[in-house]
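Okay, so here's the structure we're looking at.
The values are calculated or read from the model by the stated rules, or taken from the named source; none is laboratory data. Because the structure is a prediction, the values reported are computed rather than measured. Quick reminder, even Gly has a Cβ in these numbers, built from the backbone with ideal geometry, and neighbours come from all protein chains shown.
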């Protein structure tokens with residue numbers, strides 16, 4: 001089954017090349033895009049089943065043995081995140097095709113989308129620091145182009161800051177690779193885990209902090225988040241939805257992977273918990289100050305990242321279980337919320353709260369799609385966010401970390417407040433002028449995402465058990481190291 | 001040798017950082033190029049001292065060859081930086097054609113929120129920009 005690992009990356013890339021070859025035949029492009037993305041989803045599910053039954057799946061690309069060659073690894077954690085991400089990629093592709101003209105306006109939309117898919121898959125599956133850099137770059141370059149095509153002055157302005165910040169982060173990533181290679185002589189994550197414990201602890205701690213900064217920029221951690229709410233809202237709805245759902249979460253994934261694998265330590269980390277709390281508070285306060293649907297939602301990405309880092313900060317099985325649950329729930333809910341934001345913009349021509357209103361009477365279906373997602377984001381039972389938040393709070397109380405628990409509950413309340421703000425300005429009040437009508441395709445795609453989010457609640461118990469197994473695996477780096485390097 | 005390379009990398013980082021902090025997009029792009037060069041140089045330094053070309057054949061002692069991995073990594077990184085710089089230059093041209101300036105402007109929404117809090121203190125954005133040019 002290890003052939004699935006490289007093909008989950010190669011098939012969408014190949015499809016991307018073919019979409020360019022078929023030229024302006026939209027139907028052929030759509031078939032290729034759907035095939036590529038669905039293949040990655042299928043491979044992700046197969047890898048998840050395999051990794052859950054028989055431990056991490058490992059492939060040594062090109063047949064070179066582990067520390068020298070290119071290693072791809074799927075353990076439970078990466079397979080879970082890849083499965084959810086690929087599912088969202090499929091749903092958003094359907095939305096983009098359904099939103100009439102989005103992919104017809106931009107001939108290379110499908111090629112870029114497929115490269116993005118390959119980049120996400122590579123970042124999640126790679127077992128090597130330099131390939132992680134390449135995976136990030138694939139993902140980011142696709143995202144730069146998706147953001148800039150057919151743009152006006154406002155998009156160019158915000159894309160410039162997005163590209164520049166990410167390039168600075170990439171340069172820092174290269175510095176990190178240089179220092180790591182200079183200090184240890186390897187960039188293979190499994191090999192690094194062993195060698196980092198042999199070098200000077202001060203050097204290894206420095207590398208750990210540099211990693212936190214580099215991946216913190218990608219994930220949007222406090223105080224490195226400022227690029228995010230500036231750049232995301234200007235893109236078209238399906239593009240923002242997939243960025244919001246996936247890109248920052250890949251950063252969180254890498255933070256969790258590197259902190260657990262390379263710098264294993266006992267007990268809660270006060271630094272991570274502080275960062276988590278600050279990220280939550282700053283994100284939610286930023287959201288309250290905004291007056292546009294997409295900008296409010298963008299600030300909420302930041303605040304929600306805090307919850308995931310809070311789970312990591314506990315550094316316990318229950319804490320990581322909650323973090324994995326949170327990532328799963330968040331990818332689905334955030335993608336869905338941005339898709340609904342796109343529906344609001346289609347219906348009313350704008351997402352600015354002072355110009356929208358009365359959508360509840362005109363298109364109740366949009367309100368029906370928005371409500372479960374908004375309540376889930378705030379953590380109201382019985383929606384998926386509640387399951388994840390409950391797990392976090394329980395573990396926080398069990399570890400006696402009262403401050404972060406109080407902060408997380410207060411932020412949940414403020415989240416609900418800002419969701420109410422969207423609700424009352426968009427769905428209640430005097431009906432605003434109608435600008436258009438969302439088609440059945442986009443509504444169906446959004447409905448699928450909402451249904452997935454509800455399924456997270458319905459199947460909460462098996463999902464918690466799976467996440468707990470993944471968390472146990474994460475906290476025992478020996479499993480990962482043995483799988484990659486063999487018996488040694 | 002290594003010390004000189006390190007000093008060069010440090011200078012590249014210093015100058016690059018200064019340029020990235022400017023308002024003009026063309027300077028930012030040059031700054032990003034310099035910083036990436038500095039990072040690439042660091043990787044080469046991280047590979048240790050040079051040796052004979054890393055082509056294993058008869059009569060070559062593996063202990064004397066140069067480490068090929070950092071070179072492979074730097075080549076990849078250079079190609080990626082090249083592509084992204086080209087994209088940024090295209091963006092800079094687009095930005096110039098659309099707005100007529102080379103400046104990166106403030107976020108209009110941020111400015112609006114700031115004005116709500118400090119209606120008087122907020123300086124005129126155009127004035128602010130001229131200052132930077134001067």
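How many of the residues in segment A:283-312 are in contact with a helix residue (DSSP H, G or I) (Cβ under 7 Å, 6 or more places away or on another chain), assigned to a helix (DSSP H, G or I), within 14 Å of chain B (Cβ to nearest Cβ) and in contact (Cβ under 8 Å) with a residue 24 or more places away in the chain? So the answer is 10.
Determine if segment A:113-130 includes at least one residue that is within 30 Å of residue A:204 (Cβ to Cβ), facing chain B (nearest Cβ under 10 Å) and either buried (at least 23 other Cβ atoms within 10 Å of the Cβ) or in contact with a strand residue (DSSP E or B) (Cβ under 9 Å, 6 or more places away or on another chain) (or both). Before the answer, list the steps.
Our first condition is that a residue be within 30 Å of residue A:204 (Cβ to Cβ); within segment A:113-130, this holds for A:119-130.
Now narrow it down to the ones that are facing chain B (nearest Cβ under 10 Å): A:129-130.
When the remaining residues are screened for being either buried (at least 23 other Cβ atoms within 10 Å of the Cβ) or in contact with a strand residue (DSSP E or B) (Cβ under 9 Å, 6 or more places away or on another chain) (or both), the result is A:129-130.
Yes - at least one qualifying residue is present in segment A:113-130.
Whether any residue in segment A:133-147 is without any contact (Cβ under 8 Å) to a residue 12 or more places away in the chain and either closer than 24 Å to residue B:69 by Cα or facing chain B (nearest Cβ under 8 Å) (or both) is what I want to check. No, that holds for no residue. Of the residues contained in segment A:393-410, none is found to be surrounded by fewer than 18 Cβ atoms within 10 Å (Cβ to Cβ), assigned to a loop (DSSP other than H, G, I, E, B) and touching a residue at least 60 places away in the same chain (Cβ under 8 Å).
Count of segment A:365-392 residues, restricted to those that are within 16 Å of residue A:307 (Cα to Cα), assigned to a helix (DSSP H, G or I) and touching a helix residue (DSSP H, G or I) at 6+ places or on another chain (Cβ under 6 Å), is 9.
Table: residues versus (1) touching a residue at least 24 places away in the same chain (Cβ under 8 Å); (2) touching a strand residue (DSSP E or B) at 6+ places or on another chain (Cβ under 7 Å); (3) within 13 Å of chain A (Cβ to nearest Cβ); (4) assigned to a helix (DSSP H, G or I).
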site: B:38; (1), (2), (3), (4): yes, no, yes, yes
site: B:42; (1), (2), (3), (4): yes, no, yes, yes
site: B:45; (1), (2), (3), (4): yes, no, yes, yes
site: B:50; (1), (2), (3), (4): no, no, no, no
site: B:59; (1), (2), (3), (4): no, no, no, no
site: B:63; (1), (2), (3), (4): no, no, no, yes
site: B:72; (1), (2), (3), (4): no, no, yes, yes
site: B:76; (1), (2), (3), (4): no, no, yes, yes
site: B:79; (1), (2), (3), (4): no, no, yes, yes
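State yes or no: is residue A:350 at negative phi and not in a helix (DSSP H, G or I)? So residue A:350 passes the test. Considering segment B:81-94, the residues that are more than 9 Å from chain A (Cβ to nearest Cβ) and free of Cβ contacts under 8 Å to residues at least 40 places away in the same chain include one that is surrounded by the fewest Cβ atoms within 10 Å (Cβ to Cβ), namely B:86. Per the conditions (1) buried (at least 24 other Cβ atoms within 10 Å of the Cβ); (2) modelled with pLDDT of 90 or more, the sole criterion not satisfied by residue A:5 is (2).
Taken as a whole, segment A:143-150 holds at least one residue that is outside any helix (DSSP H, G or I) and within 16 Å of residue A:239 (Cα to Cα).
Taken across segment A:227-241, residues that are assigned to a helix (DSSP H, G or I) and free of Cβ contacts under 8 Å to residues at least 60 places away in the same chain do not occur at all. State whether the residues of segment A:213-223 include one that is over 30 Å from residue A:153 (Cα atoms) and in a helix (DSSP H, G or I). Scanning segment A:213-223, I find at least one residue that is over 30 Å from residue A:153 (Cα atoms) and in a helix (DSSP H, G or I), so the answer is yes. Scanning segment A:162-196 for residues that are more than 29 Å from the chain's Cα centre (by Cα) and either facing chain B (nearest Cβ under 9 Å) or more than 25 Å from residue A:74 (Cβ to Cβ) (or both) yields A:182, A:183, A:185.
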